[in-house]
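Q: Take a look at the following structure, please.
The values are calculated or read from the model by the stated rules, or taken from the named source; none is laboratory data. The shown structure was predicted, so the numbers you read here are calculated from the model rather than taken from an experiment. With ideal geometry, Cβ positions are generated from the backbone for all residues, glycine too; neighbour counts draw on all protein chains shown. Just the protein is used for accessible areas: all its heavy atoms, side chains included, with ligands, DNA and RNA removed. Shrake-Rupley method; radii C 1.70, N 1.55, O 1.52, S 1.80 Å.
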Amino acid sequence: MDESCRNARVTVVMPTYNEAANLPRMAEAVLGLPLDGLHLKIVDDSSPDGTGRIAEELAEKYNTDGARRMSVLHRTEKDGLGRAYTAGMSAALEEGAEYVVQMDADGSHPVEAVPRMLDAAVTSGAGLVVGSRYVEGGSLDEDWGVHRVLLSRFANAYARAVLGTRIRDITAGFNLWSALTLRDVDLSSLDSAGYSFQVELKYKAVRAGHDAVEIPIRFEERTEGVSKMTLRTQLESAVVPLRLRFKRDS
C-alpha cells in the first residue's frame, strides 16, 4: 500500500441498533487497520441495550494523545438504515473525509478488505468500490439458508434488470465512496429510508457519471444479535427500483 492510501482521510460509518455484543470487537478490528487517516463514526439509534454508551466508552479509550480516532453520533429516532447512513456520511463529509466506508456492525463485512477497497479507489479513480458477494471470488457464509440466498440473488437481479445497471451486487451494504461522489449525488436528496438506500445511492452515483468497481468479499453470518431485515424493508426494496426507473423515464 502506498503512502497516498495509508494517509488518506477515511471515515468508516457504522450504524448501530442493539449491537452491544459486537461493537467492542468491531471497533478494535477497524481501528487496528494500517490506515493512519482512518476514523470510525458510530451512528446509534438510541439502542436500548446500551450500545450508545459502550460506543462513547470505546471512543474515550481510542481517542488518546490528542488523536480523534472514533466518534459517536446519537440519533433519537429509529427511522431506517438509510437515514442513519445519511446522517453519518453527511457528518463525515463535513469533517473533511476524503473517502467514506459503509460497514455493518455485526461482523458480516470483512474489515481486512477496507485497505483493498481504498487501494482500488485510489488506483482506478472510481467513485465507488463495492465489496461484492457476486463477482468472481466473492461468496456467502454457508450458514445462509437456501431461502436467503435465493432472495438475495433475486433482489440483485431484479434491481439490475429494472435499473439497467452493471453492478452485480447493487444491494451490497459494504461500500467505499469518494467524497466527490457523495457530494455530487447530494445525500439529502435520497428518498429511501431502509435497505433500499444501498440501491438508490449506487444508482444515482452511476447516473451522475461516477465509475463503480467491485472487489470480491466473503459475507459472513452474524454471530451475535438478530437481523434488522423486516417485511416492510423488503417491500420498500422491491418498490424503490421501480420508482427510480419511473423518474428516469418520465
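Q: Could you check the simple spin-label distance between GLU136 and THR64, using points 7 Å along Cα→Cβ, in nm with one decimal?
A: Between GLU136 and THR64, the label points sit 4.6 nm apart.
Q: Could I ask something else about it? Find the lysine pairs in the chain meeting two conditions, Cα atoms under 30 Å apart and a separation of 8 or more places or different chains, and report how many there are.
A: Eligible lysine pairs with Cα atoms under 30 Å apart amount to 16.
Q: Order LYS41, LYS61, most accessible first, counting only protein heavy atoms with a 1.4 angstrom probe. Present the calculation step by step, with values, prior to reporting the outcome.
A: On the way: LYS41 10, LYS61 125 Å².
Largest to smallest exposure gives the sequence LYS61, LYS41.
Q: Still on this model: Which FRET efficiency value, to the nearest 0.05, do you get for ASP2 and ARG53 by plugging their Cβ-Cβ distance into 1/(1 + (r/R0)^6) with R0 = 41 Å?
A: It comes out at approximately 0.60.
Q: Quick check: net charge around ASP119, other residues with Cβ under 15 Å of its Cβ, Lys/Arg +1 and Asp/Glu -1? Spell out each step's value before the answer.
A: Numbers: positive: ARG6, ARG116; negative: ASP2, GLU3, ASP36, GLU98, GLU112, GLU214.
Summing Lys/Arg as +1 and Asp/Glu as -1 gives -4.
Q: Here is a further query. Per residue, how much accessible area does the chain have with a 1.4 Å probe, in Å²? Working shown, then result.
A: Working: 11600 Å² over 250 residues.
Here the per-residue accessible area is 46 Å².
Q: Rounded to whole Å and sorted largest first, list the principal axis extents of the Cα atoms in the range 1-142.
A: Between the extreme Cα coordinates on each principal axis of the range 1-142 lie 41, 41, 25 Å.
Q: Calculate log10 I(q)/I(0) of the range 76-195 for q = 0.18 Å⁻¹, where I(q) comes from the Debye formula with a single equal point scatterer on each Cα and nothing for solvent.
A: For the range 76-195 at q = 0.18 Å⁻¹, log10 I(q)/I(0) is -1.14.
Q: Can you pull the accessible area of ARG25 for me, 1.4 Å probe, Å² to the nearest 10?
A: For ARG25, the solvent-accessible surface is approximately 100 Å².
Q: Evaluate E = 1/(1 + (r/R0)^6) for ALA157 and LEU180, where r is the Cβ-Cβ distance and R0 equals 30 Å; express this FRET efficiency to the nearest 0.05.
A: Working: r = 30 Å, r/R0 = 1.00.
Result of the calculation: an efficiency of 0.50.
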